[in-house]
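Here the structure comes first, spelled out in structure tokens, and everything after it is commentary.
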Amino acid sequence: MNQESSASSPVSRREFLRAAGALTGATAVGAVLPPAPGFSATAGGARARRTLGRIKLDVTIMTLGAAPFGIADDNFEETVLPLARKHNVGVVAMKAFGGPDNKTGSWGTRNAKPMVGVDRVELAIRYALSLPGVATANLGVHTIEQFRQNLEIVRRFQPLATEEQERLARAGRELAKEWGPHFGPAA
């Protein structure tokens with residue numbers, strides 16, 4: 001990494017892939033698996049449920065975190081995740097941090113803090129990865145330091161105990177009310 005790429009500066013794709021390979025021990029950074037049919041669903045719970053019931057899919061990426069986003073119909077954890085499990089569809093969690101805290105910037109500025117708060121990042125990752133049926137999470141990083149931090153969190157990952165998960169779900173419902181319409185009206 002050159003001097004211009006500090007921990008808080010944007011990371012180029014090439015720099016990110018180089019760091020990812022170095023940190024994970026990958027021998028062929030950028031090598032990919034064969035394409036698998038899937039879909040992305042951020043705020044369309046009804047559409048996601050119809051799709052999961054009609055089309056044979058391998059994977060889906062959906063909004064999953066302690067704070068339920070969108071209207072009750074779009075609460076992916078309660079309405080879509082069970083269908084993905086039923087149809088044996090792999091699940092990638094996204095938006096575990098709730099997106100950027102608009103008071104601190106946007107993801108485009110690279111300086112924004114996560115909506116869940118910096119102190120809750122590890123809990124947010126653990127919550128998303130502890131949900132039954134979730135295989136991995138798209139954590140969206142913008143700096144090498146964020147990548148390293150998230151990689152360490154995932155490496156030491158321990159599923160949440162039932163009590164922890166219930167406590168975070170309660171706190172998440174309160175956060176959703178506080179955040180208001182973010183990916184749709186708060187549940």
Completion exercise
Here the convex hull volume per residue of the stretch 87-173, taken over Cα atoms and given in Å³, is 112 Å³
Completion exercise
Taking Cα atoms only, Rg over Rh for the stretch 107-150 with Rh from the Kirkwood formula is 0.98
Exercise for the section: With label points built 7 Å along Cα→Cβ from the Cα atoms of Thr109 and Leu151, find their separation and express it in nm. Expected result: 2.8 nm
Practice task
Starting from the Cα of Lys177, draw a straight line to each of the lysines and keep only those under 21 Å, dropping any in the same chain fewer than 8 residues away.
Solution key: Lys95, Lys103, Lys113
Exercise for the section: Quick one: order Phe76, Phe157, Phe147 by neighbouring beta-carbon count within 10 Å, fewest to most. Expected result: Phe157, Phe147, Phe76
Fill in the blank from the handout: Scalar couplings 3J(HN,Hα) for the stretch 144-155 by Karplus 6.51 cos²θ - 1.76 cosθ + 1.60 (θ = phi - 60°), nearest whole Hz, x for Gly and Pro, are 4, 4, 4, 4, 4, 4, 5, 4, 5, 4, 5, 4
Exercise for the section: Describe numerically, in nm with one decimal, the distance between label points set 7 Å from Cα along Cα→Cβ at Lys56 and at Glu178. Expected result: 4.6 nm
Problem - Residues Phe39, Phe97, sorted so that the one with the fewest Cβ neighbours within 10 Å comes first - result: Phe39, Phe97
Handout entry: Amide H within-cut-off set for Asp101, under 5 Å, with H built and near neighbours excluded
Key = Lys113, Met115
Problem - Least to most buried among Glu77, Glu145 (fewest other Cβ within 10 Å first) - result: Glu145, Glu77
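Here, each number is a calculation from the coordinates, and none is a lab measurement. Remember, it's a predicted structure, so these values are computed and weren't measured experimentally. Counting neighbours? That spans all protein chains shown, and the Cβs are built from the backbone with ideal geometry, glycine included.
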